[in-house]
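Here the structure is laid out as structure tokens; the discussion comes afterwards.
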Amino acid sequence: MKPVLVCTAGALLLARVAAAAPADVAFGIERIDVLASEAAPVRIAEGLRARLVAQGVVLAEHDLDAPQRLEDALSDGLPADPAAARQDAERRVAAIPTEALRARIERAHTGVLIAATQGIERLPAIAFDLGTPRARAIVGVADLEQALMIEARWRAGR
């Protein structure tokens, strides 16, 4: 039986994008926000991360489990009595410098804020160039390289 080469437009596009990847993986993208959780992680190959950074892309990773982990850490070991728990919690929070506490809360909640303002209801999600006319999010793709290929195809077709 003679071998048959099956080729689809999608496979050709992926091959073209993959071949171009070392030179330009960013395709004009300035910022990428990766929204993930323990249950919905996103794979980011180290080589890809390095190429994006080298091209000046801001790559921000947001763990949407972070707010719950912060709350758990702040409430760990609190007494069962509500009044005693409140006093203990107030002491714990007061012991953390205000700026450090604000930074921890902000860092933990940034991904949740992005998801809410962009209408992202499922994870994982990868958002490109938020705050610009080119802003887009790809939901349900768990690999940054694959999301970049989808974004490149979309930008090429505009």
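The values are calculated or read from the model by the stated rules, or taken from the named source; none is laboratory data. On a predicted model such as this, the values are computed, not experimentally measured, just so you know. Cβ placement follows ideal geometry from the backbone for every residue including glycine, while neighbour counts extend to all protein chains displayed. Accessible surface is based on the protein model in full, side chains and every heavy atom, while ligands, DNA and RNA are left aside. Shrake-Rupley method; radii C 1.70, N 1.55, O 1.52, S 1.80 Å.
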* Taking region 61-91 only, how many residues are open to solvent by 50 Å² or more (accessible area, probe 1.4 Å) and touching a Ser or Thr at 6+ places or on another chain (Cβ under 9 Å)? -> 1
* Asked: Filter region 102-158 for residues that are in contact (Cβ under 8 Å) with a residue 24 or more places away in the chain and touching an Asp or Glu at 6+ places or on another chain (Cβ under 7 Å); which is most open to solvent (accessible area, probe 1.4 Å)?
  -> L130
* **Scope region 25-52; condition among the aliphatic types (A, V, I, L, M) and closer than 16 Å to D129 by Cβ; matching residues** => V25, A26, I29, I32, V34, L35, L52
* Report, by residue number, each residue of region 117-129 that is over 18 Å from A40 (Cβ atoms) and in a loop (DSSP other than H, G, I, E, B). => D129
* What do you reckon, is T132 assigned to a loop (DSSP other than H, G, I, E, B) and not small (G, A, S)? -> yes
* To do: Please note which helices (runs of 4 or more DSSP H) are completely contained in region 1-96 and include at least 1 residues that are modelled with pLDDT of 90 or more, of a type outside the set (A, V, I, L, M, F, W, C) and under 28 Å from G111 (Cα atoms).
  => 46-54, 66-75, 82-95
* Asked: For region 61-93, which residues satisfy the criterion of being within 30 Å of I44 (Cα to Cα) and small (G, A, S)?
  -> A66, A73
* **Residues of region 135-158 satisfying the condition of being of a type outside the set (G, A, S) and not in a strand (DSSP E or B)** => V141, L144, E145, Q146, L148, M149, I150, E151, R153, W154, R155, R158
